[in-house]
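Written out below as structure tokens is the structure these notes cover.
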Amino acid sequence: MSINGIGAVGYPVGRYETRRRMNRTEGNNFTGKMNNTRNTQGTGFTLHISNPEDGEAIGAMADHDSSVTVYKPKDFDPANPIYKVKIWDANGNVTERVVDVSKVDHGNCDEIDMFAYSSHLTDSGKCPSAQSAFMGAKSYYNASNNDNSLFDKKNWMGIVKEVMQMQYDAGNLKGYLDYKQFWEFLEK
């Protein structure tokens, strides 16, 4: 029911919906669905996504004045999951990092390592909701602590557990189960 249906005459009624745009000729992988760069108007950051020389992009995030993209290298070995990560600052300067997800310390690592780890879990199918669970936990933590640093080490196990409990307390069973599945991978 719109606001017009309850006696509030004069308010315009609009329909809003989310749609996924996919050009079927571009393929069904992450890189095929996205362009090389997304400039988000008015927010001050550019999201860098694909770069064929670096490998297949399996995750990209932008926050405030930075952008992070996780690449699966062309010589990727699932038995030894090592990813290339590129970080762009507000001036377009890029820093590269190699992340061995088997060595990520979930109790003491930065956002870049955890994003690479969660991207790996989502891309490999081991925990399809890991990337979105990480992004939710990251957003919650940053908003609650006025912290926006990609490079400060945090206890992600504690952060995810706190958000998982918050979902449970709010009665959001689906949210709770998504965070719980991610939490279980962090506990291993």
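The values are calculated or read from the model by the stated rules, or taken from the named source; none is laboratory data. Since we're looking at a predicted model, the values are computed, not measured. Reconstructed Cβ throughout: ideal geometry from the backbone, glycine too, with neighbour counts over all protein chains shown. Note: accessible area is taken over every heavy atom of the protein model, side chains too, but ligands, DNA and RNA are not part of it. Shrake-Rupley method; radii C 1.70, N 1.55, O 1.52, S 1.80 Å.
Observations, loosely collected:
- Area of Met135 that stays accessible when all protein chains are in place (1.4 Å probe, Å², to 10): 60 Å²
- Remark: relative contact order (the stretch 50-188) = 17 percent; criterion is Cα-Cα distance under 8 angstrom and separation of 6 or more residues.
- Positive dipole terminus of the stretch 87-185, leading residue within Tyr168, Trp156, Pro128 (C-beta point charges): Tyr168
- Protein accessible area in the stretch 97-150, 1.4 Å probe - carbon and sulfur %: 45 percent
- Counting heavy atoms of the protein chains alone, Asp65 has an accessible area of about 90 Å² for a 1.4 Å probe.
- Within the stretch 139-158, backbone nitrogen closer than 20 Å to the virtual label 7 Å beyond the Cα of Tyr168 toward Cβ: 140-141, 155-158
- Scoring 165-177, 121-133 by mean Cβ neighbours within 10 Å over their residues and listing the highest first yields 121-133, 165-177.
- Shape call, the stretch 83-127: gyration tensor on alpha carbons, a/c limit 1.5: prolate
- Against the compact-protein benchmark of 2.2 N^0.38 Å, the Cα-based radius of gyration of the stretch 109-188 scales to 1.01.
- Accessible solvent surface per residue of the stretch 98-188, calculated while the other protein chains remain in place, 1.4 angstrom probe, Å²: 49 Å²
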